[in-house]
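What follows draws every value from the coordinates through simple rules; no lab data is involved. Predicted model only: the values in this text are computed from it and were never measured. Note that each Cβ is placed from the backbone with ideal geometry, even for glycine, and that neighbours are counted across all protein chains shown.
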Amino acid sequence: LIKGMAKNPIIFALANPDPEVLPSVAHAIRDDILMATGRSDFPNQVNNALCFPYLFRGALDAKAKQITDDMKIAAAHALSALAREPVPQAVLDAYKLTELSFGKTYIIPKPFDPRLLERVSKAVAGAA
């Protein structure tokens, strides 16, 4: 299946605790893959902890009566923007890293990035 994908495929293997395909297996088949899993021990962890607390905080701050598609899209855009910005030293320290920048192994902010609270919540509240 992976061999037959188009150039530069994106694979989100999000089943937990065992992704549908391990990154080591996928990267052994092809080297042009952009991959994410739901696990913290692999790059690009996709986890609802990146969004739900801040989605709800923004909704509460705006006194929204419901969560709308626009609010969810605003959260996604805020996450995307954060991933492209320089990573604060506090995040690098929390994950025992010396460097982290947008690219194949960092497409989404880390769950303990303190900027998430302000940036995602504010975006959600603005869209409410």
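Extension gain for the segment ASN8 to ALA64, taken as residue separation times 0.36 nm less the Cα-Cα distance, is 16.2 nm to one decimal.
Each part gets one Cα centre, and for region 1-44 versus region 72-102 those centres are 21 Å apart.
The aspartates and glutamates whose alpha-carbon is closer than 16 Å to the alpha-carbon of LYS7, local same-chain residues fewer than 8 away aside, are ASP31, ASP32. At 222 nm, what value in deg cm²/dmol follows for the chain if DSSP H runs of at least 4 each add -39500 (n - 2.57) and the sum is divided by all its residues, to the nearest 500? Only helices count here, giving -12000 deg cm²/dmol. Placing a pseudo-label 7 Å from each Cα along the Cα-to-Cβ vector at ASN16 and ARG84 gives an inter-label distance of 2.8 nm.
Please give me the summed charge of the neighbours of GLY38: other residues whose Cβ is under 13 Å from its Cβ, Lys and Arg +1, Asp and Glu -1. Can you show the working numbers first?
On the way: positive: ARG39; negative: ASP18, GLU20, ASP41.
Taking every Cβ under 13 Å from that of GLY38, the sum is -2.
Working out 0.36 nm times the residue gap between ALA28 and GLU118, then minus their Cα-Cα distance, what length gain in nm do you get to one decimal? That works out to 28.5 nm of additional length.
With contacts defined as alpha carbon pairs under 8 Å and 6 or more residues apart, what's the relative contact order of the chain in percent? Walk me through the intermediate numbers first.
Values: 173 pairs, mean separation 34.7, N = 128.
So the answer I get is 27 percent.
Across the chain, how large is the tail of the calculated P(r) beyond 23 Å, expressed as a percent of all Cα pairs? Counting pairs separated by more than 23 Å, the tail of P(r) holds 40 percent. Partners of LYS72 within straight-line reach, counting lysines whose Cα lies under 28 Å from its Cα and excluding those fewer than 8 residues away in the same chain: LYS63, LYS104, LYS110, LYS122.
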